[in-house]
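Undergrad: I have a structure I would like to understand better, so I am pasting it below and will then ask my questions one at a time.
The values are calculated or read from the model by the stated rules, or taken from the named source; none is laboratory data. Bear in mind that the values here come from a model prediction, so they are computed numbers and not experimental data. Because the Cβ atoms are built from the backbone with ideal geometry, glycine has one as well, and the counts that use them run over all protein chains shown. Note: accessible area is taken over every heavy atom of the protein model, side chains too, but ligands, DNA and RNA are not part of it. Shrake-Rupley method; radii C 1.70, N 1.55, O 1.52, S 1.80 Å.
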Amino acid sequence: MPNTPEPSGTVQPSNGGQLTLEEAKAAALQDAGLTAEQVTFRKEKQDFDDGRQVYEVEFTSESTEYEYEIAATGEILSKELKAVIGQGEDGIPQTQDFVGAAAAQDAALKHAGVSASRAWGVEVDLEHEDGIWVYEVSFHAGGFEYDYEIDALSGQVRAFESEVDD
């Protein structure tokens, strides 16, 4: 299952009406925290989805492929991230889907021996650290605070710690 982070919000069109394709690209880059010089655009397309105008914007950075769907009104409707694991003979990046935030959370809870119903204050963040993508998962349960680092590709626990909750 591909990683599908929460859409981050709405971009205001410069003319107050509809985004241009260039504004949609800029919005996707801003959301990804990248500049045009850091990426290679793979798809830039205006389309219609369920009767509304949208932009499909896809690009790759050194280690990640990004796919965005942005409404002409400026709302980021969806985004997916995939890890770039190599280059095909045709020069197109080969990708692998991330396990997803829900699977990372499940892996951390299972490792800690905590049921989802007993955990509270659960947070899952996707981070790029030391050249790899990881989910940072933190939660509280049974008087302890837990912090996990889950490999975004394999779903395996990379690191963890727990301490008495203050």
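Undergrad: Across segment 3-32, which residue is modelled with the highest pLDDT among those that are among the small types (Gly, Ala, Ser), open to solvent by less than 60 Å² (accessible area, probe 1.4 Å) and part of a loop (DSSP other than H, G, I, E, B)?
TA: So, considering only residues that are among the small types (Gly, Ala, Ser), open to solvent by less than 60 Å² (accessible area, probe 1.4 Å) and part of a loop (DSSP other than H, G, I, E, B), the one modelled with the highest pLDDT is Gly17.
Undergrad: While we're here: For Val57, which of the numbered conditions (1) within 20 Å of Leu34 (Cβ to Cβ); (2) in contact with a His (Cβ under 7 Å, 6 or more places away or on another chain) fails to hold?
TA: Looking at each condition in turn, Val57 falls short on (2).
Undergrad: Taking into account only those residues within segment 33-61 that are open to solvent by less than 70 Å² (accessible area, probe 1.4 Å) and among the acidic types (Asp, Glu), which is modelled with the lowest pLDDT?
TA: Out of the qualifying residues, it is Asp49.
Undergrad: How many of the residues making up segment 63-101 are charged (D, E, K, R), at pLDDT below 80 and within 19 Å of the chain's Cα centre (by Cα)?
TA: So the answer is 1.
Undergrad: Which of the residues spanning segment 94-122 are part of a helix (DSSP H, G or I) and touching a strand residue (DSSP E or B) at 6+ places or on another chain (Cβ under 6 Å)?
TA: If the condition is that a residue be part of a helix (DSSP H, G or I) and touching a strand residue (DSSP E or B) at 6+ places or on another chain (Cβ under 6 Å), then Ala101, Ala104, Gln105, Ala107, Ala108, His111, Ala112, Arg118 are the ones that fit.
Undergrad: Return only the number of the condition from (1) farther than 30 Å from Ser138 by Cα; (2) at pLDDT 85 or above that Ala116 does not satisfy.
TA: (1)
Undergrad: Continuing with the same structure: Pull out all pairs, ordered by first then second residue, where Cβ-Cβ is under 8 Å, the residues are six or more apart or on different chains, the first lies in segment 148-165 and is in contact (Cβ under 8 Å) with a residue 12 or more places away in the chain, and the second is basic (Lys, Arg) and open to solvent by 40 Å² or more (accessible area, probe 1.4 Å).
TA: Glu149/Arg158; Ile150/Arg158; Asp151/Arg158
Undergrad: May I ask you to list the residues in segment 99-143 that are open to solvent by 50 Å² or more (accessible area, probe 1.4 Å) and either of a type in the set (D, E, K, R) or at positive phi (or both)?
TA: Those that are open to solvent by 50 Å² or more (accessible area, probe 1.4 Å) and either of a type in the set (D, E, K, R) or at positive phi (or both): Asp106, Lys110, Gly113, Arg118, Glu123, Asp125, Glu127, Glu129, Asp130, Gly131, Glu136, Gly142.
Undergrad: Would you please name the residue that is farthest from Gly100 (Cα to Cα), looking only at residues in segment 150-165 that are in contact with a helix residue (DSSP H, G or I) (Cβ under 9 Å, 6 or more places away or on another chain) and surrounded by 14 or more Cβ atoms within 10 Å (Cβ to Cβ)?
TA: Checked segment 150-165; the qualifying residue farthest from Gly100 (Cα to Cα) is Ser162.
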